[in-house]
Every structure is written in C-alpha cells, then in structure tokens.
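Have a look at the structure below before the remarks.
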Amino acid sequence: MAPSGPLSLPKRLRVTDRPYPVAGVITPRNFPLLTPGSDVTPALLSGAAGLLNSSEATPLTALELARGWHEIGARPVFSVVPGAAGRGAQAGEVRPWPRSLFPSS
C-alpha cells in the first residue's frame, strides 16, 4: 500500500488476508425465527462465517434468513443445512468447528 502522508513514509504497510472462523449453530424447532436470528447474527457481525443446521420441522425460516442475507449483497459466509441434527454432527466430525452453539429448548 502507498503511504497516506508524510508521517507514514518510513513505515511499511501490509494487508493480510485471514480466513474466517466458522460458527456452527444447531437450532431446535421451537421459536423458528428467533433462535436462528439471535444466534447466527452475532457470529456474522463479528466476521465469522455461519453454518446453521435448522430443524427438519421448520426449515423455511432459516432458508429465508439465508436468502435475505444473500439478497442484501453481503459476503457469502452464511449457509443453511436443513435437516436432522445428525447432519450437523456429521459436519462437525469431518472438521471440528472452532465455535459451536447448541441452544437449549
């Protein structure tokens, strides 16, 4: 990067890209809009990628939340995996998540 002024001429500026950490959220079927929205939103706002495993009984609210995220032009760091909790567990076995949230019902 070019120096921004005379005080930064002797300094060397460097831009470093770092991968996003992943926050995994497995949600129950009760409160289908509140739980995914209140658990995934802080992770996304902090710069982490979000992987949401919604309940098999109420997958549409989580899918609409993801569609809204993509429609606003945000970075593609939010995914929804609808289905049983076993799918989320399988994803965690392949590569353990640095941050996982299991809201109680």
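Structural remarks
- Available extension along the chain between ASN30 and VAL15 is 1.0 nm, counting 0.36 nm per residue and deducting the alpha carbon span.
- Hz values of 3J(HN,Hα) by residue in region 25-32 - Karplus curve (6.51, -1.76, 1.60), Gly and Pro given as x: 10, 10, 10, x, 7, 7, 6, x
Each value in this text was obtained by applying a stated rule to the coordinates, not by laboratory testing. No experiment lies behind these values; they were computed from the predicted model shown.
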